[in-house]
Amino acid sequence: MAILKEKYHSAYDDFRTGFFCKLSLFLGFALLIVYIFLGVSSLLINQNDTSFLRLIYGVSKSGYADSLIAFSILLIGVGFILYFLHYQFAKLAKIADEIENGTEDKELDQN
């Protein structure tokens, strides 16, 4: 029987939310740019063009383009949620610094 150890996390540990926020926002906006490129190119390309352009036209009219916009929206949403969490962890670290250094608000000391 294994005994589980309790894990203590520091107030300065943000679980790499800043990195994952930037990564998901980058991927989300990259997929959005690809979706916009496919949308614009489908307007300019017709079915009778050469094979490479016909391939782009086929992808833009298939379900892959719809999947791109869905994943783009998902990744951008996750990026904003992770940004919020990163901001909250930064505020928690600031509060922990204030408590460790004894520089709490002077209003609390006066009351």
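The values are calculated or read from the model by the stated rules, or taken from the named source; none is laboratory data. Values in this document were obtained by computation on a predicted structure and should not be read as measured data. Ideal geometry is used to build each Cβ from the backbone, glycine not excepted, and the neighbour counts take in all protein chains shown.
Summed over region 1-30, the residues that are at pLDDT below 95, hydrophobic (A, V, I, L, M, F, W, C) and part of a helix (DSSP H, G or I) give a count of 3.
All of Ser51, Ser62 fail the test of being at pLDDT below 85 and of a type in the set (Ser, Thr, Tyr), apart from Ser51. In region 48-67, the residue that is farthest from Gly79 (Cα to Cα) out of those that are small (Gly, Ala, Ser) and surrounded by fewer than 12 Cβ atoms within 10 Å (Cβ to Cβ) is Ser51.
Is there any pair with a first residue in region 3-18 that is surrounded by fewer than 10 Cβ atoms within 10 Å (Cβ to Cβ) and a second that is at pLDDT 70 or above whose Cβ atoms are under 9 Å apart and which are 6 or more apart or on different chains, and what are they? Listed pairs, sorted by first residue: His9/Phe15; Ser10/Ala93; Ser10/Ala96. In the set Ile45, Ile76, which member is surrounded by 12 or more Cβ atoms within 10 Å (Cβ to Cβ), touching a Lys or Arg at 6+ places or on another chain (Cβ under 8 Å) and either under 30 Å from Gly18 (Cα atoms) or free of Cβ contacts under 8 Å to residues at least 24 places away in the same chain (or both)? Only one candidate passes the filter, namely Ile45.
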